[in-house]
Every structure is written in structure tokens, then in C-alpha cells.
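The values are calculated or read from the model by the stated rules, or taken from the named source; none is laboratory data. Just so you know, these numbers come straight off a predicted model, no measurement behind them. Here the Cβ positions follow ideal geometry from the backbone for every residue, glycine too, while neighbour counts run over all protein chains shown.
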Amino acid sequence: MHIHVLGSAAGGGFPQWNCNCRNCAGLRRGTLRARARTQSSIALSGNGEDWLLCNASPDILVQLKSFAAAQPARALRDTALRAILLVDAQIDHVTGLYMLREHRARWPLWTTRPVREDLERGNPIFPLLDHYCGSDWHEIALDGAAFAIPQVPGLRFTALPLRSNAPPYSPHRDRPIDGDTIGLAVEDMASGKRLVYAPGVVEIDARLSAAMRSADVVMIDGTCFRDDEMIALGISKKRARDMGHLAQSGAGGMLEQLAQLPPATRKILIHINNTNPILDEDSAEHAEVRAAGVEIAYDGMEIEL
């Protein structure tokens, strides 16, 4: 299995265009030791040639320019992206679909039914795509059954319904239902190696915990270090958990949860908000995460299982 991190930041990227928090201002001035990051998205492949786009970031065009494998140049217009899967309907995971409208064929597009409904009504990307390349929708079932995506051979997927929050334009906002947000358990059918990908989660339930324990690599929500991080900065009145994210610190936090995994598990935080102090590579929080044996995803990161 080939895993390529296209974007590792949360919505708005890092630095965020209108933010002057310590992180964003420091990166712009060159006084902060950190990497710029685009908005969260990864690509998966079983053979290194046919790729699944997991989430379509608003930064997709910049990300693809930096990902040589995405452009094999076999024809006048070409792409190695063969299908798209969305784990939720959040702006930072779906806006890139607008940028991919020039595809030469209908996009095979995999989502849960609640995500499809949000993208037909509250944020009607699906109807808009019908005026361009169009899409062929495939429903992701929530019954725990594994499924294959024919365009991306060699990989098997299982949806993990997650506790998070639906987008502001969803009728399920603050009242999420199963299917608003999922994680993915992905198995390489040749090697048996497994990935768990869950960029937005507020609670590690028994099903997600079991999937994480059996995975070789866990890429999971790294949005905020502290639950009140954005409140303390005066940026928002919402805690991380109100937005559907489990903070890294504190009792029951993500670091504590990840510490329970087998020692051989590779643990990686992804979907990192611009306010998160772990972005500062000289910070105590960054050091704490690394001392816990947890990695911090960056754009262009590649993993092979």
C-alpha cells in the first residue's frame, strides 16, 4: 500500500490567510521553526499507479502539482487519480471537487448516504458536477462489511462510523447521525498490512479502538492540542469537541488514547489546525508529542506498507 499525504492541515491551512496567531504570524516572519501545510487530504494506491483520492481539499491543484505520480502523462489530458472517496462533507474535504470538474470522464465517487445528501442540498456540489464531468455515486455502507473500489486494485476498505460533527450547512449540525463522518480501515490484500485513517473524530469508541489496535499505521485527528485552544486565543467560543475533534492533551485525550496501542503501531497526527502549538517544532507541546512516539504529518509525507 502506498500512502501519500497531499495536505496535513485542518481547514484554512497553515498559515491561514487571515490569521495572525503566534503560529501563523511566526511562520510568515520566519521566526517560527515550522512547515507550511495545505488542507487535509491523502492519496492511496495498491500498485503505485492507480490512486484513490481520499478527500478533495480546496488546495487540490497545488497538491497535485507537487505529487509527480498523479500525472503519468500518457495522453494529452491524463491523471493517475482513478476514484474519489469522501469521509465527510466538510468544506475542507470537498471543495476540491470543483477544481476537478475538467476530468475527461465521470468521477467514481464514494460517500455515505448522509454525505451525499449534504452535497446535493446544503452544499450542492453533486448537481454542479453534472454540468461538467459528472459523477457516478457509490454508497459506502455502515454495516462493517469490507468493500473494494475496482479502479484502485489491491486494497480493501471498511467504513468506521465516527463520532464527530456534521458541517454547518447540514441538517445534522450538532445532532450528528451515523454516516456524517467516517474513518477508513484499509487493508493491502497482498501484504495484509493495514491503515486506519480518521482525520475527524471526537471519541475513540470500541469499534475504532479495535481497528486501531489491528492497524500497522494510524493516521488520526490532530486538530487541537488543547480542548479550549481556540477559546484561549480569542478566535472562537467553541471547544475542540464542539467542532467534532478530540484534543491531544488532557485525561482521555488523543495522546492518552494512542499510548494504548501496540508498541509497533506507527501513530501519526493529521488534520492539524493552524493554532495547534505542535506545529512549532521548538515548542514543549511538539516535544511532548514526539516523546510519546507520535509523528506529525506534513505535506508530501509518504508511507509504504
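Quick rundown of the values:
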| read-out | value |
| --- | --- |
| Yes/no for D88 being buried (at least 24 other Cβ atoms within 10 Å of the Cβ) and charged (D, E, K, R) | yes |
| Residue in the stretch 123-136 that is in contact with a strand residue (DSSP E or B) (Cβ under 9 Å, 6 or more places away or on another chain), under 30 Å from A75 (Cα atoms) and surrounded by fewer than 14 Cβ atoms within 10 Å (Cβ to Cβ) present | yes |
| Candidate set from the stretch 1-53 (those that are under 16 Å from H271 (Cα atoms) and β-branched (V, I, T)); member that is surrounded by the most Cβ atoms within 10 Å (Cβ to Cβ) | I42 |
| Boolean, A89 is closer than 30 Å to A166 by Cα, among the hydrophobic types (A, V, I, L, M, F, W, C) and either at pLDDT below 95 or out of contact with any Cys (no Cβ under 7 Å at 6 or more places or on another chain) (or both) | yes |
| Breaking point among (1) at pLDDT 95 or above; (2) surrounded by fewer than 18 Cβ atoms within 10 Å (Cβ to Cβ); (3) among the charged types (D, E, K, R), for R104 | (1) |
| Selected residue (criterion: farthest from A36 (Cα to Cα)) from residues of the stretch 264-292 that are without any contact (Cβ under 8 Å) to a residue 24 or more places away in the chain and surrounded by fewer than 16 Cβ atoms within 10 Å (Cβ to Cβ) | A291 |
| Matching residues in the stretch 234-263 - criterion: being within 21 Å of the chain's Cα centre (by Cα), closer than 20 Å to R37 by Cβ and polar (S, T, N, Q) | Q248 |
| Selected residue (criterion: surrounded by the fewest Cβ atoms within 10 Å (Cβ to Cβ)) from residues of the stretch 54-72 that are within 14 Å of H4 (Cα to Cα) and aliphatic (A, V, I, L, M) | A68 |
| Checklist (1) within 17 Å of the chain's Cα centre (by Cα); (2) free of Cβ contacts under 8 Å to residues at least 40 places away in the same chain; (3) assigned to a loop (DSSP other than H, G, I, E, B) applied to V62, failing item | (3) |
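A quick yes/no check of all residues on (1) in contact with an Asp or Glu (Cβ under 7 Å, 6 or more places away or on another chain); (2) modelled with pLDDT of 95 or more; (3) not hydrophobic (A, V, I, L, M, F, W, C):
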| residue | (1), (2), (3) |
| --- | --- |
| G154 | yes, yes, yes |
| A159 | no, yes, no |
| P176 | no, no, yes |
| G179 | no, yes, yes |
| V186 | no, yes, no |
| T223 | no, yes, yes |
